[in-house]
Amino acid sequence: MVSNRSGRPQKTAMIIARRIVGEIHRGGLVRGDKLPSEKLMLDEYQVGRGTLREALRYLELSGAISLKPGPGGGPTVEKPDATHLMNSLGLVLQFEGAPFSTIVEARAGLEPMAARLAAERITGDQLQALADSVTKMGENLRDLEVFLETNRVFHDVIATASGNVLFGYLIDAVDGIFEGVAVGVEYPTVRRAKVHEAHRAILDAIESGDGTAAEEAMRTHVAELSAYLRKKFPSALSKPVTWEAMQ
């Protein structure tokens, strides 16, 4: 075994998992491509069956591969998404005893910069999706389910439109944790209307290509959310993030 950054010995299974991912990258494999059979991998990596299966199971849980049983099955290349990052972050936050306010503060730091970048880099299709989410929200303010869905789409599109993969995944993951643990937080119609108004202002700034205005509009939006939560749901902010509560 070799040591990782914490100084603890790194398990052989993790080393093999990294080698498999390296082979996926070097081989130009994409989602849906098959990996070699277990027998070929055992010969290639010179490890026991248990170690190889542990490595593959880790990659499956990480979203890098899927394992299909039976004839024609075996390991198949997949692509990790924000859900896998969300689960890892949620687990870390729980063991750190981090409160829900941690997520609110993270959004306040990440999303304004993403909005600035989106104003500079957004594509036509992304802009249309953003506009559609704002329109649909405005037409359905009395429908909580539609409100929550269009709110998620709005922030997801901006995260992706930032053109920064790390920002995109981080914001999607943080927003996913926010939605998963914000139990007890209510959004009456008057609050939904304010969110819609904020989304409209952000959309207008992004559509005009004004990064500074988009950043400021998003900063105002997340600050208003934070103030709303502090005023109406102070106990929610101190509530610890738990992996179990995440959906």
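The values are calculated or read from the model by the stated rules, or taken from the named source; none is laboratory data. On a predicted model such as this, the values are computed, not experimentally measured, just so you know. Positions of Cβ are generated from backbone atoms using ideal geometry, with glycine treated the same way; all protein chains shown enter the neighbour counts.
Which numbered condition in (1) at pLDDT below 95; (2) over 30 Å from LEU85 (Cα atoms); (3) not polar (S, T, N, Q) is the only one that ILE177 fails?
It is condition (2) that ILE177 fails.
Could you say whether any residue in the stretch 33-41 is within 30 Å of TRP243 (Cβ to Cβ) and not in a helix (DSSP H, G or I)?
yes
For the stretch 98-116, which residues satisfy the criterion of being in contact with an Asp or Glu (Cβ under 9 Å, 6 or more places away or on another chain) and modelled with pLDDT under 95?
Once the filter is applied, which keeps residues that are in contact with an Asp or Glu (Cβ under 9 Å, 6 or more places away or on another chain) and modelled with pLDDT under 95, the stretch 98-116 yields THR102, ILE103, ARG107.
Among LEU89, LEU52, LEU93, which is surrounded by 19 or more Cβ atoms within 10 Å (Cβ to Cβ), farther than 17 Å from ALA201 by Cα, modelled with pLDDT of 95 or more and not charged (D, E, K, R)?
The unique qualifying residue is LEU52.
So which residues in the stretch 96-109 are crowded, with 19+ Cβ neighbours inside 10 Å and closer than 17 Å to LEU166 by Cβ?
Scanning the stretch 96-109 gives ALA106, ARG107.
All but one of (1) surrounded by fewer than 17 Cβ atoms within 10 Å (Cβ to Cβ); (2) under 30 Å from ASP175 (Cβ atoms) hold for LEU40; which doesn't?
(2)
So for the stretch 110-118 (the condition being surrounded by fewer than 16 Cβ atoms within 10 Å (Cβ to Cβ) and out of contact with any His (no Cβ under 8 Å at 6 or more places or on another chain)), does at least one residue qualify?
No - not one qualifying residue is present in the stretch 110-118.
If you check ARG31 against the conditions, is it loosely packed, with under 12 Cβ neighbours inside 10 Å, within 24 Å of MET86 (Cα to Cα) and at pLDDT 95 or above?
It is true that ARG31 is loosely packed, with under 12 Cβ neighbours inside 10 Å, within 24 Å of MET86 (Cα to Cα) and at pLDDT 95 or above.
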